[in-house]
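See structure below.
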Amino acid sequence: MIFDWNNDRDRVVERISEIKTDLKIILKTKNDPFFLEWWLDHHENIVGKGGIVIFDNESTDDEVMSIYKKREGELTVVRFSGLHNRIHDSSLFPELYQSLQKSCQFYCFLDTDEFMMRTDGETWSANYKIIEFLKSNFSSGARVFNTIWLYNQIGSRNIFCCGSDPMAMNDGLLHGKPIISSDTVIHEFTNHNMQLRPEHIDGVAPYEIFILHYTRLSSHQRIRANMEKLLARGAVSASMTPEDISKMDCSKFDDPNVFFYASEITARLSNRDLFSSESEITPGAMILHEDGMVSFFGASEKDMFKSYIYSQEEGANLIRARYSPVFLA
């Protein structure tokens, strides 16, 4: 069955609390059939079925509902209403965060286009080795693990943009999703690393855990996802087309995200063909091979990457300096 957060809260909390796992991954999703089943298969290999909790922001897509039906009994699926990002504010969902602290050692919130993996620049994996890494560094004092976003190269599932100098990695570090230990109490909105209070940035663990961010794999998926975000903010109506949104005057909105989402829709409308093409590796990129090996465009990319992931003290200083709190009404 699919639970409803407003009506079944006690049952949801009980279910999450009774399933003990090392790591829980909470999926925040809405109407995203393109990634959903692939996402589930990928992360079940890391945490098992019991380690996944889905918070669905009132999906209506038939394919999404079919996937939930097919996996009924295996997954914890919870419908919740309101602005999707409210779930990242622990003061608005205290029972959820308390149940996570009781039932796992670590937890992380991801979107449907975000896929967790671990790499040292030589090999990569998306399995139990992630949990081994967390436990080992927890023993060394790490309490919050700052993952790094890696954007996919246009049209590719296995080529990612790492850049050839450290500046190119900084954005991915700031916007990566934190993995939080259950003995760390978060009292504020926390979605990205740069929204963590500076005192939570301990700089202990190296940056071996990455979030593969597939923003350039399907133009249709990105357009739809951004339309859902604009609808949730009341910036557009359900009757509007992507073409309508591309002509919209965004200056009348106070929320800067409205401009961002509308601009991305416009950009995706103009380069749809690029998304469907196969990619070849380009400068500033790396490949995650099926056999678990990693290769880079050149030596400069590899040297920079391996140096960056073991420069956690410098990274911690960057995140603290760019602290960007979010306050939801």
Within segment 213-220, is there a residue that is among the small types (G, A, S) and out of contact with any helix residue (DSSP H, G or I) (no Cβ under 6 Å at 6 or more places or on another chain)?
no
For Q153: the one exception among (1) more than 14 Å from the chain's Cα centre (by Cα); (2) surrounded by fewer than 20 Cβ atoms within 10 Å (Cβ to Cβ)
(2)
Which is in a loop (DSSP other than H, G, I, E, B) and either more than 30 Å from I159 (Cβ to Cβ) or under 17 Å from the mean Cα position of the chain (by Cα) (or both), of E37, E44, E95, E74?
E74
Name the residue, out of D10, D41, D4, that is in contact with a Lys or Arg (Cβ under 9 Å, 6 or more places away or on another chain) and among the charged types (D, E, K, R).
D4
For N127, all conditions in the list (1) assigned to a strand (DSSP E or B); (2) surrounded by fewer than 20 Cβ atoms within 10 Å (Cβ to Cβ) hold save one; what is the number of the exception?
(1)
Going through segment 217-262 one residue at a time, which ones are in a helix (DSSP H, G or I) and free of Cβ contacts under 8 Å to residues at least 12 places away in the same chain?
L231, D244, S251, K252, P256, F259, F260
When the residues of segment 172-200 are filtered to those that are within 15 Å of S90 (Cα to Cα) and aliphatic (A, V, I, L, M), which remaining residue is surrounded by the fewest Cβ atoms within 10 Å (Cβ to Cβ)?
V185
Select, from Q98, Q105, the only residue that is under 22 Å from N7 (Cα atoms), assigned by TED's automatic domain parsing to the domain that holds H187 and modelled with pLDDT of 95 or more.
Q98
Among (1) free of Cβ contacts under 8 Å to residues at least 60 places away in the same chain; (2) crowded, with 21+ Cβ neighbours inside 10 Å; (3) hydroxyl-bearing (S, T, Y) - the single one T112 does not satisfy
(1)
Any idea which residue in segment 98-109 is surrounded by the fewest Cβ atoms within 10 Å (Cβ to Cβ), counting only those that are not in a strand (DSSP E or B) and not aliphatic (A, V, I, L, M)?
K102
All-but-one check, S17 against (1) touching a residue at least 60 places away in the same chain (Cβ under 8 Å); (2) under 22 Å from Y214 (Cα atoms); (3) outside any strand (DSSP E or B), failing number (2)
Against the definition (among the hydrophobic types (A, V, I, L, M, F, W, C) and more than 22 Å from L92 (Cα to Cα)), how does W39 come out, yes or no?
yes
Scanning segment 308-329 for residues that are within 20 Å of I211 (Cβ to Cβ) and small (G, A, S), the one surrounded by the most Cβ atoms within 10 Å (Cβ to Cβ) turns out to be G315
Answer with yes or no whether V77 is over 28 Å from W124 (Cα atoms), of a type in the set (V, I, T) and touching a helix residue (DSSP H, G or I) at 6+ places or on another chain (Cβ under 7 Å).
yes
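Here is a yes/no grid of residues against (1) hydrophobic (A, V, I, L, M, F, W, C); (2) surrounded by fewer than 19 Cβ atoms within 10 Å (Cβ to Cβ):
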{"residue": "R15", "(1), (2)": "no, yes"}
{"residue": "I19", "(1), (2)": "yes, yes"}
{"residue": "K28", "(1), (2)": "no, no"}
{"residue": "D32", "(1), (2)": "no, no"}
{"residue": "L40", "(1), (2)": "yes, no"}
{"residue": "K49", "(1), (2)": "no, yes"}
{"residue": "I52", "(1), (2)": "yes, no"}
{"residue": "D61", "(1), (2)": "no, yes"}
Look at M65 and say whether it is at pLDDT 95 or above and closer than 23 Å to N193 by Cα.
no
Single residue of G73, G82 found to be surrounded by fewer than 18 Cβ atoms within 10 Å (Cβ to Cβ), closer than 20 Å to M1 by Cβ and assigned by TED's automatic domain parsing to the domain that holds I186
G73
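The values are calculated or read from the model by the stated rules, or taken from the named source; none is laboratory data. Fair warning: this is a prediction, and the values are worked out from it, not measured in the lab. Positions of Cβ are backbone-derived with ideal geometry, glycine not excepted, and every protein chain shown enters the neighbour counts.
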